[in-house]
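Asker: Below you will find the structure I want to go over with you.
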Amino acid sequence: MTASGEQPMPSAGEHMHALVERLYPLCRSITGDGVRATLEIVGEYLPLRVHEVATGTQVLDWTVPQEWNIRDAYIADTAGNRVVDFAASSLHVLGYSVPVSRTMPLAELRPHLHTLPDHPNWIPYRTSYYEPEWGFCLAQATLDALADGEYEVRIDSTLTDGHLTYAEHVIPGQVPDEVIVSCHTCHPSLANDNLAGIAVATFLARALAEQTPYYTYRFIYAPGTIGAITWLARNQERIDRIKHGLVLACAGDRGRLTYKQSRRGDAEIDRVMRHVLSASQRPHRVTEFTPYGYDERQYCSPGFDLGVGSLSRTPYAGYAEYHTSADNPGFVSPEAMADTLAVCREAFAVLDRNRRYVNLSPYGEPQLGRRGLYDSLGGRSDAKQAQMAMLWVLSLSDGERSLLDVAERSGLPFDTVAVAADALRGAGLIEA
Amino acid sequence: MTASGEQPMPSAGEHMHALVERLYPLCRSITGDGVRATLEIVGEYLPLRVHEVATGTQVLDWTVPQEWNIRDAYIADTAGNRVVDFAASSLHVLGYSVPVSRTMPLAELRPHLHTLPDHPNWIPYRTSYYEPEWGFCLAQATLDALADGEYEVRIDSTLTDGHLTYAEHVIPGQVPDEVIVSCHTCHPSLANDNLAGIAVATFLARALAEQTPYYTYRFIYAPGTIGAITWLARNQERIDRIKHGLVLACAGDRGRLTYKQSRRGDAEIDRVMRHVLSASQRPHRVTEFTPYGYDERQYCSPGFDLGVGSLSRTPYAGYAEYHTSADNPGFVSPEAMADTLAVCREAFAVLDRNRRYVNLSPYGEPQLGRRGLYDSLGGRSDAKQAQMAMLWVLSLSDGERSLLDVAERSGLPFDTVAVAADALRGAGLIEA
Amino acid sequence: MTASGEQPMPSAGEHMHALVERLYPLCRSITGDGVRATLEIVGEYLPLRVHEVATGTQVLDWTVPQEWNIRDAYIADTAGNRVVDFAASSLHVLGYSVPVSRTMPLAELRPHLHTLPDHPNWIPYRTSYYEPEWGFCLAQATLDALADGEYEVRIDSTLTDGHLTYAEHVIPGQVPDEVIVSCHTCHPSLANDNLAGIAVATFLARALAEQTPYYTYRFIYAPGTIGAITWLARNQERIDRIKHGLVLACAGDRGRLTYKQSRRGDAEIDRVMRHVLSASQRPHRVTEFTPYGYDERQYCSPGFDLGVGSLSRTPYAGYAEYHTSADNPGFVSPEAMADTLAVCREAFAVLDRNRRYVNLSPYGEPQLGRRGLYDSLGGRSDAKQAQMAMLWVLSLSDGERSLLDVAERSGLPFDTVAVAADALRGAGLIEA
């Protein structure tokens, strides 16, 4: 309650957490209506262009698979009690399970049951996209409580020709060069491992749209692997426009931030993220590229080799709750998502202003005082930071080095350097 | 007293300190008769070619300013007592003060008075070259003692079309390629911050002239910033001859030596200075280039980008006495100046002999023994340093790597390497 | 004794040590019958092609010297007792001693006697190849015991036109590109400093021949310096075939392994040796190239600049026994030689398989599952090492980076990477 008696405005973190909670129950997979329902909800926050790509479409080395939809699934005992029920958690069904409707003894059922013996109360997350299979995931404790005997086993799913669904949101910039922000949409009820990334991406897009950025920003919501491959296949002829990019995943847990560098390792996004994380003095970790993880695998595949890094908090498989029912909305926090969002905004604020200039007056120092750019009273023992920034920009602007290079070489804040560059450009001393 | 009863010969350090003391009282500025008187005294040690450049001359982005001269200046109380008197210290007047001759109350005078509250007995050094202004610098203690009331304020200065004055001394070498040594001449009664540099440069020139060096050495005595800019403007067509250079400043305080690298950071002078300072095992510091400091700012401006570093003891603004009356002849010591001089001589002894050779017998080792270059009794467990130096020179002389590279790679003293190279050249095994 | 009562098979280390003991008594030098006898014994283990190069042959900057042979040598007292006798140790005679047969007082003999005062019971090793000289090497204790008086001094040697002898053994590979393994054969009764190298080289050749390697391996047994120079002179036109090489010396003492890098420092053999030594977690040392040591001096001379490193245990002159009679068969151990051999085998196993591939499906990840290369059940939190290796090979195979680069970048064992590359090549996803 504020002094006026009104409710305080919810913070961005609270808004993002609310979105996570809303999306949580939906049963997403790499295709199907769960993805569509997810994009519809995100579309309430942000206009999305939804793409549907038909089953069987060739995408790079892959083929768009059949569409999977599921209406109900359960294991019931002879009394008709549902001992495992899809309605309670979308994780209960092995993703892409083929339909089944049988009665069988527990012994026959067992090979189809997946548990986590080390975490007896958690449900694991498992899929079988490319091998026809059916199965259930359940808590070890649930399994232990099952009596021998017959069970009714039913998965009311369909695997039919249909579509793969992904969506884009574009913020037009001053130039057609693009920055992509990509998050995966294929995980069912998992909060950190995809919903937090979706939420941060969505609120990042809203923030970037507040004023026209330099770059054009393209947000991609797509199923992991096959979705990114589909997007790349359909955008191959315009891939040269993609100058930078960021994959968001595991964006909401309470761990410190982790930036995984692009395959290039020295792409501009890598340098910007390292600079911003380091300058912000947040605890963080920067890791080398590995060809495993999220869709940076595809964007950084050697044929494309895009300057795309990945921002997470605790990376995939780095926390016990990963790919289990314990990755629920309680596992992610408004504060952590707000922090991830803030770093993204800081990084894009640097990236978006990181120009290269050429000093037009490179022989000796230009007389800054005559142009009103320099403190006129000499003999002072300290030079002001703003003046130092101007001298550094003049010294290093050779058309090769960027303002970020100037900031890192000089130790001055990027903002100070960018403001100095604006002043020098205004005075005609440098040009882009 | 020596055993013979004669006075011992003064050391180079004592000679340099005597020169500092002689130059100290003169009121130097970026133009004017104080500079001319300074150069006249230096000319007693070294033949100088003095250049006069007219007011209004365009020099790169700058214009040579009016010439400033001052005869007298004081603040007197109503009893006629000079409470601040230019005759006592050239620092008392704001550099480039326009003339003034008025009586005014203390309150009106105050904005024109500059003090150092943290050092109440020191007079600060201030200038206003490019903004018409007048003022006095004085001890805070003096200011505190002034009673309210009327004061006679008089600065008997002139700011008129005239000239900017700088001087050169050249030591012809075996090749027209040049090394420049530059020091600033524009500071009034400040001992470390310009006089020590002038003194070391002067005695360095005398030492270098003892035998014909390889390079041509050019010593430049010029006012800071505008002087270096003027020199660069007038030498633009021959700037390609300048291969290396050193700016000397703050060369006499008791702190450890500091070498500030050129903008390139890997210029030969940078490598030589790092090598000599490190090999000499003196306490020292090597710093990166910054576009602030002394005239390396101009020589290293990106259009010229010369291989010019800067040698100081404690760098500008790194000591409390900087730009105050406490930077007096007592602040600099004969020993410190002698040490700076010694390092300069060592560095130029390396630079001057740092040739690149090509091994003319690169297939297998040449038989050194046949040429009398190798110890003939084999089977010994240690190779002599001189022989190792020959093997290293043969191994690395590819026309790209210099003798300094050989010294650094091998860990052998530069002298040993240079002697080995002479022997190999004498035997026809390498050529320049 | 094994359970069956049979003797256990001698290990490779024991075989090598037996070879050292057999070769030890022979009086080797840079020419002569001692070298021939040595090669004859090695020839029992390995077919050798022996080369004889006539005295006076010009080899690069050198000339093949006269051939030296010695039958007997001694110092006898007046009673006829041999106080120093070549028959007891080949070290007793200064290598390449000219013949002498005289009686002389001890005082006249003394300048021809070499001892090690710091190790009074050891005989030093000395030679005078290129300066006509004669002399004896003996224990200081022996010298101390000599009474003044006359001694009969006799060296029954000949220095005549003859030949320099070296040998080669070649293991043909799948390609004509060669790897050379070189050891020196010129030291008389010294165990670590040449016999251990000869033994390891010999057993390495036997091991490599067990299956057809990729490279052609050439083993060179030659006297130090003049032998390598002779080999280089006679192989100059085919030197481009030599892609990698290793000099073996001091290969049998009990110290840790030392790899001395080639002059290039980043040759493939350098990277392989560093990788293998580091991955094996053996205590070891990697040192920079120096133009002193064994025949890597010649192979790495700048005109050839071959990728040839040198593997030792304790390097030359790094142990007190170096070049003395204490470097005897007891100074080297079967275990140490077996360890040196094992590292060579590991290194060549890497070198021989270290191919460069090109990813033929570089746009996005190829669908490994479809090709049976990937675990089909998704959602698991750990990727198997073999799968990671495939992803790394795909990510990095750009035709520039080798499998060793992949192993080092990924942190995976080289073997795992090589197996993954084989699988991917089998599936048509990469090509050499």
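Throughout, read-outs are computed from the coordinates displayed, never taken from laboratory work. None of the values given here were measured: they were computed from a predicted structure. Here Cβ is always computed from backbone atoms with ideal geometry, including for glycine, and neighbour counts include all displayed protein chains.
Asker: Gaussian network model of chain A, Cα springs within a sub-10 Å range: biggest mean-square fluctuation belongs to which of A:Val419, A:Val100, A:Val50?
Answerer: A:Val419
Asker: Determine, for C:Ser325, C:Ser361, the number of other Cβ atoms within 10 Å of each Cβ, and report the residues in order from fewest to most. Write down the numbers at each step before the final one.
Answerer: Details: C:Ser325 23, C:Ser361 19.
Lowest count first: C:Ser361, C:Ser325.
Asker: Listing B:Trp231, C:Trp62 from the residue with the fewest other Cβ atoms within 10 Å to the one with the most, what is the order? Present the calculation step by step, with values, prior to reporting the outcome.
Answerer: Working: B:Trp231 26, C:Trp62 20.
Result, fewest neighbours first: C:Trp62, B:Trp231.
Asker: Select the chain C residue whose beta carbon lies nearest to the rotation axis carrying chain C onto chain A, and write the distance in whole Å.
Answerer: C:Asp266, 12
Asker: Counting just the Cα atoms, what span does region B:67-160 cover along each of its three principal axes? Round to the nearest Å and put the largest first.
Answerer: 35, 29, 22
Asker: Take the Cα radius of gyration of region B:356-431 and divide it by 2.2 N^0.38 Å, with N its residue count; two decimals is plenty. Present the calculation step by step, with values, prior to reporting the outcome.
Answerer: On the way: Rg = 11.6 Å, N = 76, 2.2 N^0.38 = 11.4 Å.
Ratio of Rg to 2.2 N^0.38 Å for region B:356-431: 1.02.
Asker: Mind checking which lysines have their C-alpha under 27 Å from C:Lys260, skipping anything on the same chain fewer than 8 residues away?
Answerer: Within the straight-line cut-off, C:Lys260 pairs with B:Lys384, C:Lys243.
Asker: State the answer as a single residue: which of A:Val50, A:Phe414, A:Trp122 lies farthest towards the positive end of the charge dipole of the protein assembly as shown, with beta carbon charges of +1 for Lys and Arg and -1 for Asp and Glu, about the Cα centre.
Answerer: After comparing all options, I get A:Val50.
Asker: Can you give the direction-averaged projected area of the convex hull of the alpha-carbon atoms in region C:1-118, in nm²?
Answerer: Working: hull surface 54.8 nm².
That works out to 13.7 nm², a quarter of the Cα hull's surface.
Asker: Between B:Ile430 and residues 5 or more places away or on another chain, which pairs have amide H atoms under 5 Å apart, with H built 1.01 Å from N, and which residues are they?
Answerer: Sorted by chain and number, the residues that satisfy this are B:Leu360, B:Arg425.
Asker: Still on this structure, please answer the following. By how many degrees, 0 to 90 and rounded to 10, does the Cα axis of helix C:197-208 deviate from the longest principal axis of chain C?
Answerer: Around 30 degrees separate the two axes.
Asker: Continuing with the same structure: Within 10 Å of each Cβ of C:354-365, how many other protein chain Cβ atoms are there on average? Intermediate values should be presented prior to the final figure.
Answerer: Numbers: counts 0, 0, 0, 0, 1, 3, 0, 5, 7, 12, 21, 10.
For peptide C:354-365, the averaged partner shielding equals 5.
Asker: Any idea how far apart B:Asp398 and A:Glu150 come out in nm if each label point goes 7 Å out from Cα toward Cβ?
Answerer: Label-label distance for B:Asp398 and A:Glu150, simple model: 8.4 nm.
Asker: Still on this structure, I have one more. ³J(HN,Hα) across region B:21-32 via Karplus (A = 6.51, B = -1.76, C = 1.60, θ = phi - 60°), whole Hz, x for Gly/Pro?
Answerer: 5, 5, 7, 4, x, 5, 8, 7, 8, 6, 9, x
Asker: What list of whole percents do you get for P(r) of chain A, with Cα-Cα distances grouped in 20 Å bins up to the one holding the largest distance?
Answerer: Bin by bin from 0 Å, the calculated values are 24, 47, 22, 6, 1.
Asker: Would you mind giving the mean number of other chain beta-carbons within 10 Å of the Cβ of each residue in B:294-307, as a whole number?
Answerer: Numbers: counts 0, 1, 0, 5, 3, 1, 1, 10, 11, 5, 3, 3, 0, 0.
Per residue, the number of nearby Cβ atoms from other chains is 3 on average.
Asker: Here is a further query. Quick one: angle between helix C:268-279 and the longest Cα principal axis of chain C, in degrees between 0 and 90, rounded to 10, please.
Answerer: The helix C:268-279 is inclined about 80 degrees to chain C.
Asker: Note the distances from A:Gly149 to each other copy's matching label point, with points 7 Å along the Cα-to-beta-carbon direction, in nm, sorted shortest first.
Answerer: Here A:Gly149 shows inter-copy label distances of 11.6, 11.6 nm.
Asker: For peptide B:281-291, compute the average count of partner chain beta-carbon atoms within 10 Å of each residue's beta-carbon. Write out the running numbers ahead of the final one.
Answerer: Values: counts 0, 0, 0, 0, 0, 0, 0, 3, 2, 8, 10.
Shielding by partners across B:281-291 averages 2.
Asker: Top mean-square fluctuation among C:Asp253, C:Asp352, C:Asp339, Gaussian network model of chain C, C-alpha springs under 10 Å?
Answerer: In this elastic network of chain C, the residue with the biggest mean-square fluctuation among C:Asp253, C:Asp352, C:Asp339 is C:Asp352.
Asker: Right, here's the next one. Remind me, what semi-axes does the protein assembly as shown give for its equivalent ellipsoid, largest first in whole Å, using sqrt of 5 times each Cα gyration tensor eigenvalue?
Answerer: Semi-axes, largest first: 63, 63, 24 Å.
Asker: Remind me, relative contact order of chain C in percent, using alpha carbon pairs under 8 angstrom and six or more residues apart?
Answerer: 16
Asker: Quick check on the protein assembly as shown: helices-only [θ] at 222 nm, where DSSP H runs of length 4 and up contribute -39,500 (n - 2.57) each and the sum goes over total residues. Nearest 500, please. Don't skip to the end; give the middle numbers.
Answerer: Numbers: 36 runs with 365 residues, N = 1296.
Result for the protein assembly as shown, helices only: -8500 deg cm²/dmol.
Asker: Give me the dipole magnitude in Debye, nearest 20, for chain A about the Cα centre, with unit charges on the beta carbon: positive for Lys and Arg, negative for Asp and Glu. Walk me through the numbers on the way to the answer.
Answerer: Values: 38 positive and 53 negative charges, 291 e Å.
My answer is approximately 1400 debye.
Asker: Treat the count of other C-beta atoms within 10 Å as a stand-in for reagent exposure and order C:Glu131, B:Glu152 from fewest to most.
Answerer: Details: C:Glu131 12, B:Glu152 16.
Taking fewest neighbouring Cβ atoms as first place, the list is C:Glu131, B:Glu152.
Asker: Sticking with this structure for a sec: Using just the C-alpha positions of region A:88-233 as equal point scatterers, what log10 of I(q)/I(0) does the Debye formula give at each q in 0.10, 0.12 1/Å?
Answerer: -0.51, -0.66
Asker: By how many nm would the segment from A:Arg356 to A:Lys384 lengthen if fully extended, with 0.36 nm per residue of separation less the alpha-carbon distance? Don't skip to the end; give the middle numbers.
Answerer: Details: separation 28, 0.36 × 28 = 10.08 nm, distance 2.33 nm.
Length gained, A:Arg356 through A:Lys384: 7.7 nm.
Asker: Next question. What gaps in nm, shortest first, separate C:Thr78 from its twins in the other copies when you place the label 7 Å past Cα toward the beta carbon?
Answerer: The projected label point of C:Thr78 is separated from its counterparts by 12.3, 12.3 nm.
Asker: Report, in whole Å, the centroid distance computed from the Cα atoms of region B:321-359 and region C:94-119.
Answerer: Rounded to whole Å, the Cα centres lie 55 Å apart.
Asker: Further, regarding this structure: Rounded to the nearest 10 degrees, what's the angle between the helix C:33-42 long axis and the longest principal axis of chain C, both from Cα atoms, 0 to 90?
Answerer: Its long axis makes an angle of about 40 degrees.
Asker: Among DSSP bridges having both ends in chain C, what percentage is antiparallel? Round to the nearest 5.
Answerer: Approximately 65 percent, going by the DSSP bridge assignments.
Asker: Just need the Rg to Rh number for region C:259-392, please, alpha carbons only, Kirkwood Rh. Display every interim value, and only then the final one.
Answerer: Details: Rg = 21.3 Å, Rh = 18.6 Å.
A ratio of 1.15.
Asker: Could you pull the copy-to-copy label distances for B:Glu288, with points set 7 Å along Cα to Cβ, in nm to one decimal and sorted shortest first?
Answerer: Nearest to farthest, the other copies are at 2.4, 2.4 nm.
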